[in-house]
Amino acid sequence: MVEKIHRHIIMLGPPGAGKGTQAAILSEKLGINTVSTGAVLREFSNSGTKEGNKVKALIDKGQMVSDKMMIKIMKEILSKPENVKGYILDGSPRSIPQAKGLDKMLASRKMKKLGQELDAVLYLQVPDDYVIERIIGRFQCAHCKTLYHERFKPTKVFGICDECGHKEFTRREDDTFETVVSRLRAFREVTAPLIPYYEKKGLLRCIDGTGPIDVVSEKIRKIVGY
């Protein structure tokens, strides 16, 4: 039993672990926003500001935004009134330097005044072979965009969308074995060091992410306390 409801959360886990799905459920239950790195960068790059234009130029060239710039962007986003009551960070921080930058930023006088200190880091543990199967088996309806999976969520009638009845489906071009293995390797090398980092801070909460969505969600509910 948690002493208070956790409202300042980081979702951590390998690609395909279900972070986005669980963050969306948690966001709805707690009434707080999910702050996705990709969405944040798109929003900032389209802001029309001088720094926003710099970020847009980097993204257009396929280049990475620096850790320093990323933390600056996160500070601006987390300071917004709609995020003051809480947030779920999905995809950030990605590395130890970003985590240290986030710590420093959240420890600033402004962020402390807003009560923005982290409550928990939820780590979804999923084996590599499970991740590979989960990602390369997913597809969606070309018409209504309903998501399916060959094993975990097939259509009720083969080849026909449950929602709209269409018969055309698509897959993401990067949902291939080679791409998934590459993404997993990057996670192990760059992001996985965050696990012991947050464990030492007493913030890490490990969750088995291999079960059905509702089972994993219930495990998270007990940790978060809503």
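Values quoted throughout were computed directly from the atomic coordinates according to the rules given, and no laboratory measurement underlies them. Predicted, not measured: the structure shown is a model, and the values here were computed from it. Every residue, glycine as well, gets a Cβ built from its backbone with ideal geometry; the counts of neighbours run over all protein chains shown.
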Query - Given charges at Cβ of Lys, Arg, Asp, Glu: the chain dipole, positive-most of Ile88, Gly101, Ser36 - result: Gly101
Requested in this report: Return the distance in nm (one decimal) between the two label points of a simple spin-label model at Lys104 and Thr146, each offset 7 Å from Cα along Cα→Cβ.
Outcome: 5.0
Query raised in the report: Counting DSSP beta bridges with both partners in the chain, what percentage is antiparallel, nearest 5?
Result: 30
Report summary line: Taking Cα pairs closer than 8 Å and at least 6 residues apart, the relative contact order of the chain in percent is 30
Query - segment 151-226, dipole about Cα centre (Lys/Arg Cβ +1, Asp/Glu Cβ -1), debye to the nearest 20 - result: 360
Query raised in the report: Could you give the length gained on full extension between Lys68 and Ile223, defined as 0.36 nm per residue of separation minus the Cα-Cα distance, in nm?
Result: 52.7 nm
Query raised in the report: For the chain, which cysteines have no disulfide-compatible partner, meaning no other cysteine Cβ under 4.7 Å?
Result: Cys206
Report summary line: Given a Förster distance of 30 Å, the FRET efficiency implied by the Cβ-Cβ spacing of Glu199 and Ile5, rounded to the nearest 0.05, works out to 0.85
Report task. Determine the calculated [θ] at 222 nm for the chain from helices alone, applying -39500 (n - 2.57) to every DSSP H run no shorter than 4 residues and normalising by the residue count; nearest 500 deg cm²/dmol. Result -> -13000 deg cm²/dmol
Query - Dipole moment magnitude, nearest 20 debye, the chain about Cα centre, only Lys, Arg, Asp, Glu C-beta charged - result: 1000
Query raised in the report: Taking the highest mean first, how do the peptides 115-126, 186-197 order by number of other beta carbon atoms within 10 angstrom per residue?
Result: 115-126, 186-197
Query raised in the report: Against the longest principal axis of the chain, how steep is helix 19-30, in degrees 0 to 90 to the nearest 10, with axes from Cα atoms?
Result: 60
Query raised in the report: So if R0 is 35 Å, what FRET efficiency would Thr170 and Lys80 give, r being the distance between their Cβ atoms, rounded to the nearest 0.05?
Result: 0.55
Query raised in the report: Under the Karplus relation 6.51 cos²θ - 1.76 cosθ + 1.60, θ = phi - 60°, what is the ordered set of whole-Hz ³J(HN,Hα) values for segment 44-51, x standing for Gly and Pro?
Result: 5, 5, 9, 6, x, 7, 4, 6
Report summary line: Ranked on Cβ counts within 10 Å of their own Cβ, fewest leading, Cys164, Cys206 go Cys164, Cys206
